[in-house]
Amino acid sequence: MAALGTGQSPIDIIDWTQSEDAAPEFAYRTNAKRIERLHGLPVIHFDPGGELRLVSDRFRLLQLHWHTPAEHTIEAKEFDAELHLVHVNERDELLVVGIVYQLGEADARLQQIIDETAATADEQGVAPSLSASDHVPASDGFYHYTGSLTAAPFSEPVQWYVARTVRTVSSRQVEQLQALTGGPNARALQDRNERSIICVGCAGT
C-alpha cells in the first residue's frame, strides 16, 4: 500500500480553539435511494437534493454509514458509535460530518437506520424508507479539522466537522449495528501531527 499522508483520521479532538468561522447549515431535502455493501460496510446512498451549505460553498449529501465503536475521541473520551454523513462539492472535495454516541437511551433515528438496513439485507434494488431531513445533526457547535477518509483508500484531504452534541445509543443498538457490519469496524486513532482544531458555531458557550 502506498504511504499515507500526515493528515489522517480519526484523531483525538483536544486543544481546540473557538472560531468565528461559519458552521455548516443543513438543507437535507432528499430520500435514500439504495443500500450498498462495501467490504461488509452498509452504505446508504441518497438521491440528489440534500446539501450542506458552508458560506457560499455547497456540498451534496452522498451517503451515510457508521462505525462501532466511535472513531473520534474527544479529550481522550471514547464513545460507542459514530455516524458519518459524507458530502462532496462541485470540485470533488469531500466533507464528512461525524456524530458520536455514548451508551444511554436508544436513539429513534438511529433505530430507523438499523431497521431499514436489516430489512433490505437480502434484497437488491430496494430503496430504504429514509428521509435525510430526519438525520440533520442537532448540535451546539462542530469541531473542525482537516483529515482523511477513515477507510481505504484513506484519501486526503477531507474536511471534518464532528458535532459537539453527543447523542445516546442503547447497548442493544450497538449490538445491532455491529451485527450489520460483521463486528467492530473502527479505525485506530491517528497522529494529530500539529493540525489545528477549531470549534465553529459555539461562540458564547
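The values are calculated or read from the model by the stated rules, or taken from the named source; none is laboratory data. None of these values were measured; they are calculated from a predicted model. Here Cβ is always computed from backbone atoms with ideal geometry, including for glycine, and neighbour counts include all displayed protein chains. Accessible surface is based on the protein model in full, side chains and every heavy atom, while ligands, DNA and RNA are left aside. Shrake-Rupley method; radii C 1.70, N 1.55, O 1.52, S 1.80 Å.
Quick look at the values:
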item: Accessible surface ranking that places the most exposed of T117, T6 first, with a 1.4 angstrom probe; result: T6, T117
item: Relative contact order (percent, whole number), the range 1-118, Cα cutoff 8 Å, 6+ residue spacing; result: 19 percent
item: Solvent accessible area, Å² - W16, 1.4 Å probe, full protein context; result: 70 Å²
item: Distant-in-sequence amide H partners of E51 (H built 1.01 Å from N, under 5 Å); result: A27, Y28, R29, L61
item: Karplus (6.51, -1.76, 1.60) ³J(HN,Hα), θ = phi - 60°, over the range 136-152, in Hz, Gly and Pro reported as x; result: 5, x, 8, 8, 9, x, 9, 7, 10, 7, 9, x, 9, 5, 9, 9, 3
item: Protein accessible area in the range 42-182, 1.4 Å probe - carbon and sulfur %; result: 47 percent
item: Listed peptides 46-56, 142-152 by packing density, highest first (mean Cβ within 10 Å); result: 142-152, 46-56
item: Gyration tensor verdict on the range 1-82 (Cα atoms; rounded if a/c is under 1.5, prolate if a/b is larger than b/c, oblate otherwise); result: oblate
item: Inter-centroid distance (Cα atoms) of the range 75-92 relative to the range 134-205, Å; result: 4 Å
item: Sites L103 and I14 - FRET efficiency at Förster radius 25 Å, r taken between beta-carbons, to 0.05; result: 0.70
item: Correct option for Rg and Dmax of the Cα atoms in Å [calculated from the coordinates] among (1) 16.2, 49; (2) 16.3, 54; (3) 19.3, 65; result: (1)
item: Counting DSSP beta bridges with both ends in the range 1-87, the antiparallel % (nearest 5); result: 90 percent
item: Contour minus Cα-Cα distance for T6 and A179 (0.36 nm per residue); result: 59.0 nm
item: Placed amide H near T168: partners under 5 Å, 5+ positions off or other chain; result: Q102
item: Derived scalar couplings ³J(HN,Hα) [the range 183-190; Karplus, 6.51 cos²θ - 1.76 cosθ + 1.60; whole Hz; x for Gly, Pro]; result: x, x, 9, 8, 7, 5, 4, 10
item: Length-normalised contact order for the chain - Cα pairs under 8 Å, 6+ apart - percent; result: 30 percent
item: Nonlocal amide H pairs with F79, under 5 Å, H built at 1.01 Å; result: A70
